[in-house]
Structure formats: C-alpha cells, structure tokens
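J.: Would you mind keeping the following structure in view while I ask a few things?
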Amino acid sequence: MKQKLFLIFGFAFMLGLLVVINALSVQQQPEVRNSELNPNRSTYNTDPTGFHAFYTLLSETGRKTVRWQSKIAALTAADAPSVFVMVGPLKKEMIESERRELLRWVSVGGRLVVIDRHPNAAFLSSDGNGRVEVDQLRPGFPFLDETALKEPAKDVPPGVPVQPTLFTVGVGGIQPSRFGSYVRWPDQEAKAAEEDDADAESSNKQTELSPEGFYPDSEVIADIKSEGKAVVASRTYGSGSIVILTDPFVLSNGGISLLDNAQLGVNMVSAEPGKTIAFDEYHHGFGSNENRMAEYFKGTPVVAIFFQLFLVAGVILFSQSRRFARPLPVKEPDRLAKLEYLSAMAELQRRTGAYDLAVENIYREFRRRAARLVGADAKTVSNADLARLIAARVGKEPVEVADILSDAEDVIHDVRPDRSKASRTAAGIRELEAALNLTRRKASAK
C-alpha cells in the first residue's frame, strides 16, 4: 500500500512539474484586435475586418451561398460552384498545385473573384509578370495612428467606374481605404515592343493552350479607378473570368455600407439562378480535415502537456513488464491457527459420530510418549507391562491403568462406539498424561 501511495504521489508531483515547466516556457501573447493591419477576412468573423455581412447579404437576397471547406481539387466535382471567392490575407498560403487546379477550373467556365491587397500575379498574368503594386500610405496618416486605424476611409477619394462593364452596373462610386493596392500596367513603349515581337504568333496564341496547360493572356480591363489607379480589374481566362478587387475593406463588415460598395460586391459574384457562390474558408483554417481541438489550444502549453503525458504513460506501461531490482520472495499465504484446526476437526468428528477416531488419536500419541518415558518400545511392549511401568511412576494400581488402556482399544475397534465411554476413556488418558507430566507446553520465545 505504501508503495502504491508513493507511486501516486510521485505521478502527481511529476504532472504538476510538467505543468509548471510548460507554463513558464510559453510566453503569453497579448491579444491583438482585428484591424486593417491585422485583418481576419473569414465569413465567420463579425468584426469590422470580417466578411460576415457580405455573406449574409447574399444569402438573404435569395442567392445560394456556401462556405467552401474542402481542397481546391474538389471544385471539379459535378456540384461545383460557378463563382469562387477568395479573400486575403489567407492563413494557409495557396501552393502552386492548388493555383493550377483553380485556374483550370476557371478555364472551363468558372468565375474567380480575388479580393486581396496582394493578389498573386498569376491571376493577372499567366507568365507571372508583375502587374500589381502596393501603394504607400497616403501622406498625413502615420502607420500606427489610432485615428487612421479607426477611420481607414477618411479623406480617401472614392473610386468611380471608368467604363460600362458587367461589374459597374448600378455603381456610381465605391469607397476604398488608405491601405488599398492598385493594378498597374507596364510602360506603353515596353508593351508596344512586346506586341511587335509577338505579332506573328498572336493569332495562334488566341486559340491554343500554352505548354503548361494555361490559356494565353487576355487583356486586363480596369473597371473602377481611384485617383487614376485601378482598384477593380477583370479579365477573361479560357471560358471563365477572373475579377480582382485590390482593397478588401470595400466589402468588409466595416466598409460594405459605404457608397455603392455592396452593389459592387453583388455584381462581382453575380451568378445564374440556382448556381452556387462559394467563399473559400479552407485557406482561413476551417478545412474539413482540420483538427479543431489542436487549433483551439494552439499557442498554449496544453498541446505539449498532452504529448508529455502520453510519453510518461508509455514509460510507465513499459516499466511494468521489466524488473529493475532483485526478485522479491514469494509471499507466504496466511495459515489458520492450530486451535482453529483442532476445533474444526473436533466439530467434524462430533457430527459424524467418529468417537473411535478421536480416542485413537489421543491413545496412539499417549502410548508412544509414555513408552518412551518409561524406557519401553511402543511397538513391542504389551499393555500389561506398559500399565505396570506407568503405575509405578504415577502411584496407581497396574490393573486400573490396564483398564484404561483396554477401554481405549475397545472404543477404537467398536463399530458403534459409545459416546460416554469414549469421553471417560479420553478423560482417563488425559489424567495419566498429567500424572506423567506429558502435557504439551508452548515453546518459549527465543
């Protein structure tokens, strides 16, 4: 029991020590509020930087919307959406193979809506040429100015349509923020030189796929500009199209109600009746194969504690099958006391009427010990000689002692021994034992 208590207290102490060590090793990170410098663009987020309001607007106006929590490869399924919306920044970066899968889906008729201040250049140019630049913060608004963060659209001129397109219908102007980026084009001279070099192959490129399987570049159209810079641009890609909004603030919870921002968003994701509009949540950490518990405890010592507990439990289980010291002797089982044994045997003989057996046990032992005492051989001496020798020792008549010995043998050989006779005989033998000083005594303790 003491050993078990020692193991229990030892395990509890080890557990407490692990908790303390992990708590000291993990630095508590201060909670950072969502802002335009640290946005969370998920449709689950109801803070100003989230897209919950835009998602709800589309759902409540009768459009079929879903939160996409599968991999990009699943877009090729039969029930794939017709519009796929990606809002950056993403928590899980898109890899090259996913980008290729996405562009193949667009090429067969899908519409990709990219809302990001740093969109991948491949969405504007198949050869990866830089076509997107991030404009610096406007003068007069320090980077960490609290007022600038609370009012990101203050003193920023609105964006206006520059030509009638599908995405500018009903849009008189949109309100971007000071943190937005802008789509740019190469210099006219460089562009003209490239067109002259490629004039001979232009007709083939308009109809054939490139070696990588991508469609050739189509002209990027500026739909809406702010201060002469394109904040909304679009292009065709195969049988589909790609639309880019370079300022997510426009459709975020904090900016969708300004000017015609909501109308622009509806135009960008408009789909045929019954078609699905999917918002990418997989790259925001809400994938169907994500471990939600691990995500919940991320950044805390709980994950490390779990692994350490598994390690300790494994060591304990391993140690149970191994011996770390000399083998211990086998524990002796508890034995019954002699008196309990004698009492049980006496009760058994009483109930079965085996008085002959009881007298026999007493008589045989007495005869052996008495013969030894008087110097006779218990196997060969007759009852008469033994009675004479005993009588000489105890001061009784030999006939009296011989009668006791004879009665004992009669009871032993009687088929139905008499209880009273057996009792008298046993009492007589005990008296002779006492007279001869043959009573048993407890051995003195050493």
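J.: Being among the charged types (D, E, K, R), part of a loop (DSSP other than H, G, I, E, B) and either in contact with a Ser or Thr (Cβ under 8 Å, 6 or more places away or on another chain) or at pLDDT 55 or above (or both) is the filter here, so list the residues in region 166-201 that pass it. Break it down into steps so the answer makes sense when it comes.
T.: Pass one, region 166-201, residues among the charged types (D, E, K, R): 178, 184, 187, 189, 191, 194-197, 199, 201.
Narrowing further to those that are part of a loop (DSSP other than H, G, I, E, B): 178, 184, 187.
If the condition is that a residue be among the charged types (D, E, K, R), part of a loop (DSSP other than H, G, I, E, B) and either in contact with a Ser or Thr (Cβ under 8 Å, 6 or more places away or on another chain) or at pLDDT 55 or above (or both), then R178, R184 are the ones that fit.
J.: Would you say S252 is under 26 Å from R100 (Cβ atoms) and either of a type in the set (K, R) or out of contact with any Asp or Glu (no Cβ under 8 Å at 6 or more places or on another chain) (or both)? Quick ask: steps written out before the conclusion?
T.: On the way: under 26 Å from R100 (Cβ atoms): no; either of a type in the set (K, R) or out of contact with any Asp or Glu (no Cβ under 8 Å at 6 or more places or on another chain) (or both): yes.
In short, no.
J.: Across region 358-388, what is the total count of residues that are farther than 15 Å from L438 by Cα, in a helix (DSSP H, G or I) and among the hydrophobic types (A, V, I, L, M, F, W, C)?
T.: Of the residues in region 358-388, 5 are farther than 15 Å from L438 by Cα, in a helix (DSSP H, G or I) and among the hydrophobic types (A, V, I, L, M, F, W, C).
J.: Pull up region 48-70, narrow it to residues that are in contact (Cβ under 8 Å) with a residue 60 or more places away in the chain and out of contact with any Ser or Thr (no Cβ under 9 Å at 6 or more places or on another chain), then point me to the one that is surrounded by the most Cβ atoms within 10 Å (Cβ to Cβ). Before the answer, list the steps.
T.: Step one: of region 48-70, the residues in contact (Cβ under 8 Å) with a residue 60 or more places away in the chain are 48-55, 57-58, 61, 63-70.
When the remaining residues are screened for being out of contact with any Ser or Thr (no Cβ under 9 Å at 6 or more places or on another chain), the result is 57, 61, 68.
Numbers: L57: 17, T61: 9, W68: 25.
Residue satisfying both the conditions and the ranking: W68.
J.: Would you confirm whether or not region 32-54 contains a residue that is charged (D, E, K, R), out of contact with any His (no Cβ under 8 Å at 6 or more places or on another chain), closer than 21 Å to H284 by Cβ and modelled with pLDDT of 90 or more? Give the steps one after another, and end with the answer.
T.: From region 32-54, those charged (D, E, K, R) are 33, 36, 41, 47; that's our starting set.
The next check asks that each one be out of contact with any His (no Cβ under 8 Å at 6 or more places or on another chain); those that pass are 33, 36, 47.
Restricting the remaining residues to those that are closer than 21 Å to H284 by Cβ gives 33, 36, 47.
From what is left, the residues that are modelled with pLDDT of 90 or more are 47.
There is at least one residue in region 32-54 that is charged (D, E, K, R), out of contact with any His (no Cβ under 8 Å at 6 or more places or on another chain), closer than 21 Å to H284 by Cβ and modelled with pLDDT of 90 or more.
J.: Separate question: Sort out which residues of region 407-422 are surrounded by 14 or more Cβ atoms within 10 Å (Cβ to Cβ) and not in a loop (DSSP other than H, G, I, E, B), and write them in order of number.
T.: Filtering region 407-422 for residues surrounded by 14 or more Cβ atoms within 10 Å (Cβ to Cβ) gives 407-412, 414, 417, 421-422.
Answer for region 407-422, where residues must be surrounded by 14 or more Cβ atoms within 10 Å (Cβ to Cβ) and not in a loop (DSSP other than H, G, I, E, B): D407, A408, E409, D410, V411, I412, K421, A422.
J.: Now, a different point. Restricting attention to region 286-296, does a residue exist that is surrounded by 14 or more Cβ atoms within 10 Å (Cβ to Cβ), at pLDDT 65 or above and either part of a loop (DSSP other than H, G, I, E, B) or of a type outside the set (S, T, N, Q) (or both)?
T.: First, the residues of region 286-296 that are surrounded by 14 or more Cβ atoms within 10 Å (Cβ to Cβ): 286-287.
Among the residues that remain, those that are also at pLDDT 65 or above are: 286-287.
Checking the rest, the ones that are also either part of a loop (DSSP other than H, G, I, E, B) or of a type outside the set (S, T, N, Q) (or both) come to 286-287.
Yes, the conditions are met somewhere in region 286-296.
J.: Have a look at T56, T65 and point out the one that is within 37 Å of the chain's Cα centre (by Cα) and assigned to a strand (DSSP E or B).
T.: On the way: T56 fails: assigned to a strand (DSSP E or B).
Within the list T56, T65, the selection yields T65.
J.: Out of the residues in region 322-357 meeting the condition of being farther than 26 Å from E433 by Cβ and either surrounded by 10 or more Cβ atoms within 10 Å (Cβ to Cβ) or among the aliphatic types (A, V, I, L, M) (or both), tell me which one is modelled with the lowest pLDDT.
T.: Restricting to residues being farther than 26 Å from E433 by Cβ and either surrounded by 10 or more Cβ atoms within 10 Å (Cβ to Cβ) or among the aliphatic types (A, V, I, L, M) (or both), the top hit is A325.
J.: Another question, if that's okay. Going by the conditions given, is Y237 at pLDDT below 60, buried (at least 17 other Cβ atoms within 10 Å of the Cβ) and more than 23 Å from R178 (Cα to Cα)?
T.: The answer is no for Y237.
The values are calculated or read from the model by the stated rules, or taken from the named source; none is laboratory data. Being a predicted model, the structure only gives us computed values, none of them experimental. Every residue, glycine among them, receives a Cβ derived from its backbone with ideal geometry; neighbour counts consider all protein chains shown.
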